[in-house]
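Here the structure comes first, spelled out in structure tokens, and everything after it is commentary.
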Amino acid sequence: MALWDRLKESASTMQTQLIARRNDLKSGAFRDSSMAMCALVAAADGSVDAAERQRVAQLIATNEVLRNFPADDLRRRFEDNLDQLTADFDFGKVSVMQEIAKARKKPVEARAVVQIGIVIGGADGDFDKDEQAVVREACYALDLPPHEFDL
């Protein structure tokens with residue numbers, strides 16, 4: 001099976017798992033962590049284009065798990081994280097990783113945050129090395145082994 005086919009299958013499986021856990025994913029820590037993860041993946045290559053913003057906006061609008069939260073609130077949190085990353089990526093990344101780490105105490109939430117990062121990373125058909133690297137770093141911030149997610 002080609003790498004992209006495996007990634008698509010993995011992202012689909014992860015989305016199914018997220019939906020199954022929807023009722024467990026209602027905390028503020030999950031909300032904050034997931035929006036920080038979206039921003040980190042979107043900015044992973046050092047720039048954020050309109051298509052990346054659109055993918056996150058679409059995820060916010062259509063993802064059943066994220067419907068637990070007001071879309072405007074999610075969008076604002078995503079943009080705030082993105083602003084930090086685009087102002088100074090290295091400095092902003094420290095702050096964004098702290099947001100991501102909020103989900104560390106609840107393993108179900110921590111795994112869901114990583115899964116959202118993978119879903120966002122693969123949404124354009126290419127979960128590239130930069131995106132994989134930041135999701136891998138987020139795994140460490142969440143005390144999760146990256147190999148659990150094939151990273």
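The values are calculated or read from the model by the stated rules, or taken from the named source; none is laboratory data. Remember, predicted model here, so these are calculated numbers, not experimental data. Note that we place each Cβ from the backbone using ideal geometry, even for glycine, and neighbour counts take in every protein chain shown. Surface accessibility is based on the protein's heavy atoms, side chains included, excluding ligands, DNA and RNA. Shrake-Rupley method; radii C 1.70, N 1.55, O 1.52, S 1.80 Å.
Rounded to two decimals, the Cα radius of gyration of region 67-128 over 2.2 N^0.38 Å is 1.21. When the Cα positions of 108, 95, 122 are compared along the charge dipole of region 88-151, 108 comes out farthest toward the positive end, with charges on each C-beta of Lys, Arg, Asp and Glu.
Hand me the GluC sites (Glu not before Pro) from region 56-125 located in a DSSP loop with no more than 12 other Cβ atoms within 10 Å, in residue order please. When the GluC sites (Glu not before Pro) of region 56-125 are filtered for loop state and at most 12 Cβ neighbours within 10 Å, 64 remain. Listed cross-link partners 93/129; 26/105; 106/129; 102/129 are compared with a 19 Å cut-off, the Cα-Cα value being larger for 106/129; 102/129.
The heavy atoms of residue 85 present about 0 square angstrom of accessible area, all protein chains included, probe 1.4 Å. Computed extension length for residue 98-residue 61: 10.8 nm, one decimal, from 0.36 nm per residue of separation with the Cα-Cα distance subtracted. Take region 14-151 with all the other protein chains still there, run a 1.4 Å probe, and you get 47 Å² of accessible area per residue.
In this simple spin-label model, placing a label point 7 Å from the Cα along the Cα-to-Cβ direction at both residue 88 and residue 73 gives a separation of 3.0 nm. Stretching residue 26 away from residue 105 to a fully extended chain increases their span by 27.0 nm, per 0.36 nm per residue minus the current alpha-carbon distance. Here region 25-129 has 49 percent of its accessible surface on carbon and sulfur atoms, given a 1.4 Å probe and all protein chains in place.
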